[in-house]
Amino acid sequence: MFIGSYAITMDAKGRMAIPAKVRDALSSVCEGRLVVTAHTEERCLLVYPEPQWLDLQPKIEALPNIHRKARRMQRLLLGYATPLELDGNGRVLLPQTLRDYANLEKKLMLIGQGKKLELWSESGWNQELDTGDDDESMPEEMLSLSL
């Protein structure tokens, strides 16, 4: 559903215009209603069409919160989850708490991830590309993927 990388900007009020291609896809699957939340492993945001989020939320809530990592995941994903809606100009207003979490400034990158999008600061995205996962071994599920 969502593929590609888009360089976008955010104004001083925290509004960002969604690229037309992404906006069209969002309009068709969720009438412009989104849920934006914190990524649990990286300083970026996850942007879900509302129906995707509504499917995911009960799974997050059902995690066994006896485990420290599960509690952290619940706190970040549910605690930062913010319903947003595209305005008439195809923009969304990101709350300050989300902007602070992901260190977002004027220049941003919107990255398609299939059923969701990631929103990065431009500098954070460039650093992610430069660093990668050099110190982590590849998960077994990825070994069978032929690209």
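So in the stretch 80-101, with the set limited to residues that are in contact (Cβ under 8 Å) with a residue 24 or more places away in the chain and small (Gly, Ala, Ser), which one is nearest to Gly14 (Cα to Cα)?
In this case the residue turns out to be Gly90.
If we keep just the residues of the stretch 68-108 that are charged (D, E, K, R) and closer than 16 Å to His39 by Cβ, which is farthest from the chain's Cα centre (by Cα)? Can you show your working first?
Residues of the stretch 68-108 charged (D, E, K, R): 68-69, 71-72, 75, 85, 87, 91, 99-100, 105-107.
Going one step further and asking which of them are closer than 16 Å to His39 by Cβ, we end up with 69, 72, 75, 99-100.
Numbers: Lys69: 20, Arg72: 17, Arg75: 16, Arg99: 12, Asp100: 14 Å.
The extreme case among them is Lys69.
Would you mind finding the one in Arg33, Arg43 that is closer than 25 Å to Glu128 by Cα, of a type in the set (D, E, K, R), in contact with a helix residue (DSSP H, G or I) (Cβ under 7 Å, 6 or more places away or on another chain) and modelled with pLDDT of 95 or more?
Details: Arg33 fails: closer than 25 Å to Glu128 by Cα.
Sole residue among the options that is closer than 25 Å to Glu128 by Cα, of a type in the set (D, E, K, R), in contact with a helix residue (DSSP H, G or I) (Cβ under 7 Å, 6 or more places away or on another chain) and modelled with pLDDT of 95 or more: Arg43.
So how many residues does the stretch 18-58 have that are farther than 24 Å from Asp100 by Cβ, among the hydrophobic types (A, V, I, L, M, F, W, C) and in contact with a Lys or Arg (Cβ under 7 Å, 6 or more places away or on another chain)?
0
Would you mind finding the one in Pro51, Pro58 that is in contact with a Cys (Cβ under 6 Å, 6 or more places away or on another chain) and over 20 Å from Trp120 (Cα atoms)? Spell out the reasoning first.
Numbers: Pro58 fails: in contact with a Cys (Cβ under 6 Å, 6 or more places away or on another chain).
Only one candidate passes the filter, namely Pro51.
Right, Val47: in a helix (DSSP H, G or I), within 12 Å of Leu117 (Cα to Cα) and either of a type outside the set (Phe, Trp, Tyr) or touching a Leu at 6+ places or on another chain (Cβ under 9 Å) (or both) or not?
Numbers: in a helix (DSSP H, G or I): no; within 12 Å of Leu117 (Cα to Cα): yes; either of a type outside the set (Phe, Trp, Tyr) or touching a Leu at 6+ places or on another chain (Cβ under 9 Å) (or both): yes.
So Val47 fails the test.
Let's see how each residue does on (1) in contact (Cβ under 8 Å) with a residue 60 or more places away in the chain; (2) surrounded by fewer than 15 Cβ atoms within 10 Å (Cβ to Cβ); (3) among the hydroxyl-bearing types (Ser, Thr, Tyr); (4) assigned to a loop (DSSP other than H, G, I, E, B):
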{"position": "Thr9", "(1), (2), (3), (4)": "yes, yes, yes, no"}
{"position": "Asp24", "(1), (2), (3), (4)": "no, yes, no, no"}
{"position": "Val36", "(1), (2), (3), (4)": "yes, no, no, no"}
{"position": "Leu56", "(1), (2), (3), (4)": "no, no, no, no"}
{"position": "Pro64", "(1), (2), (3), (4)": "no, yes, no, yes"}
{"position": "Arg71", "(1), (2), (3), (4)": "no, yes, no, no"}
{"position": "Leu78", "(1), (2), (3), (4)": "no, yes, no, no"}
{"position": "Leu110", "(1), (2), (3), (4)": "yes, no, no, no"}
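For the structure I just gave you, tell me whether Ile18 is among the β-branched types (Val, Ile, Thr) and surrounded by fewer than 17 Cβ atoms within 10 Å (Cβ to Cβ). Reasoning before the result, please.
Working: among the β-branched types (Val, Ile, Thr): yes; surrounded by fewer than 17 Cβ atoms within 10 Å (Cβ to Cβ): no.
Here the answer is no, as Ile18 does not meet what is asked.
What number of residues within the stretch 55-67 are of a type in the set (A, V, I, L, M, F, W, C) and either under 15 Å from the mean Cα position of the chain (by Cα) or farther than 17 Å from Tyr80 by Cβ (or both)?
If we filter the stretch 55-67 for residues that are of a type in the set (A, V, I, L, M, F, W, C), which is where we start, we get 56, 60, 62-63, 66.
Remaining after also requiring either under 15 Å from the mean Cα position of the chain (by Cα) or farther than 17 Å from Tyr80 by Cβ (or both): 56, 62, 66.
Residues in the stretch 55-67 being of a type in the set (A, V, I, L, M, F, W, C) and either under 15 Å from the mean Cα position of the chain (by Cα) or farther than 17 Å from Tyr80 by Cβ (or both): 3 in total.
Has the stretch 51-66 got at least one residue that is modelled with pLDDT under 95 and closer than 18 Å to Val92 by Cβ?
Scanning the stretch 51-66 turns up no residue that is modelled with pLDDT under 95 and closer than 18 Å to Val92 by Cβ.
The values are calculated or read from the model by the stated rules, or taken from the named source; none is laboratory data. Source: prediction; values computed, not measured. Here Cβ is always computed from backbone atoms with ideal geometry, including for glycine, and neighbour counts include all displayed protein chains.
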